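The structure under discussion appears below in the form of structure tokens.
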Amino acid sequence: MADTKTVGVIGGLGPLATLDFFERVLRRTRAVREQDHLRLIIDNNPHFPDRNAYARGEGPSPGPALALCAKGLQAAGADVIVMACNTTHAWEGEIRAAITVPFLSIIRETVDAVAELRPEAVGVLAVDACLSASLYQDALKVAGLKTVLLNADSQRTFMELIYRIKSGDSSETVKRSMVTLARKLEAQGAEVIIAGCTEIPIVLTADDIEGELVSSTDILVERTIVFAGGELKT
């Protein structure tokens, strides 16, 4: 597909989420032959400064390293940059300033998809650093939507689950615990739940809850394929 764009992926945040993103791009692309797939350049770099540690004031900002990664992907031939991580979109400005090609925001694309469902209240499952940066809260407010979050105890449990998934634990125990947290948001009035961390879809699916589950990973996958000129598999 000579007329398609090359996609640069800032990855490694974490590696399993990057692998999941890549696999979903492959599975969602309509391809009769291997040449029908998009070209992806993936920088799977797990050595960026920890964004959650930075949010706690315990480490350096990952912003400069993310910007350098994006610049490197563009130099390698990427026509568009995406990032398979929600939290690091807190440094979207630094990334955009370092490149001249488009950058697709997982936050913006996900909230646009949620707004099309016209819910009154939206539950957000996201890590501490993402929430402290108000990435989804601010975007949902602009869209006129109410945000529902976990209480402090449940948020601590959520963080523990995310780190377990990052370590390779996608067991039934982890899945059940994630489902329980999602249903708590529903009990608080959330009609739609955003899986606002790219590790979440590894264990949580739309069949696990009563309402709508909007996976930020799946939204970015779909928007990436379309923007790059690929064809979505229906």
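Taking θ as phi - 60°, what are the ³J(HN,Hα) couplings along segment 157-162 by the Karplus curve (6.51, -1.76, 1.60), each to the nearest whole Hz, with x for Gly and Pro?
Computed from phi, the couplings for segment 157-162 are 4, 4, 4, 4, 5, 4 Hz.
Quick one: check the C-alpha center-to-center distance for segment 100-125 versus segment 10-29, whole angstrom.
19 Å
Over the chain, with a single point scatterer placed on each C-alpha, what log10 of the ratio I(q)/I(0) does the Debye formula yield at q = 0.10, 0.16 1/Å?
-0.44, -1.16
Just to be sure I understand the model, the point goes 7 Å from the Cα along the line to the Cβ. What's the resulting Val179 to Lys141 distance in nm?
3.5 nm
Can you show me the helix-derived [θ] at 222 nm for the chain, built from DSSP H runs with n ≥ 4 at -39,500 (n - 2.57) apiece and divided by the number of residues, rounded to the nearest 500.
-13500 deg cm²/dmol
Please list, by residue number, everything in segment 37-51 whose backbone N is under 14 Å from a paramagnetic label point 7 Å out along Cα→Cβ of Leu26.
37-42
What Kirkwood Rh does segment 23-162 have if only Cα atoms enter the pairwise 1/r average? Answer in Å.
17.0 Å is the Kirkwood radius here.
In Å and on Cα atoms, what radius of gyration and Dmax does segment 68-110 show?
9.7, 28
Find the lysine pairs in the chain meeting two conditions, Cα atoms under 20 Å apart and a separation of 8 or more places or different chains, and report how many there are.
Final tally of qualifying lysine pairs is 5.
Beta carbons within 10 angstrom, averaged per residue: use that to sort the peptides 25-38, 108-121, highest first.
Ranked from most to least packed, the peptides come out as 108-121, 25-38.
Per 0.36 nm of contour for each residue apart, how much would the distance between Asp169 and Leu16 grow if the chain were fully extended, relative to their Cα-Cα spacing?
54.0 nm
Suppose R0 equals 22 Å. What FRET efficiency, 1/(1 + (r/R0)^6) with r the Cβ-Cβ distance, do Asp3 and Ala76 give to the nearest 0.05?
The formula returns an efficiency of 0.65 here.
Determine by what factor the alpha-carbon radius of gyration of segment 107-216 differs from 2.2 N^0.38 Å, reporting the quotient.
0.97
Report for the chain the percent antiparallel among DSSP-assigned beta bridges with both residues inside it, nearest 5.
Once the DSSP bridges in the chain are tallied, antiparallel ones form about 5 percent.
Each reported figure results from applying straightforward, stated rules to the coordinates on display, with no laboratory input. Bear in mind the structure is a predicted one, so any value in this text is a computation, not a measurement. So basically every Cβ, Gly included, is an ideal-geometry build from the backbone, and we count neighbours across all protein chains shown.
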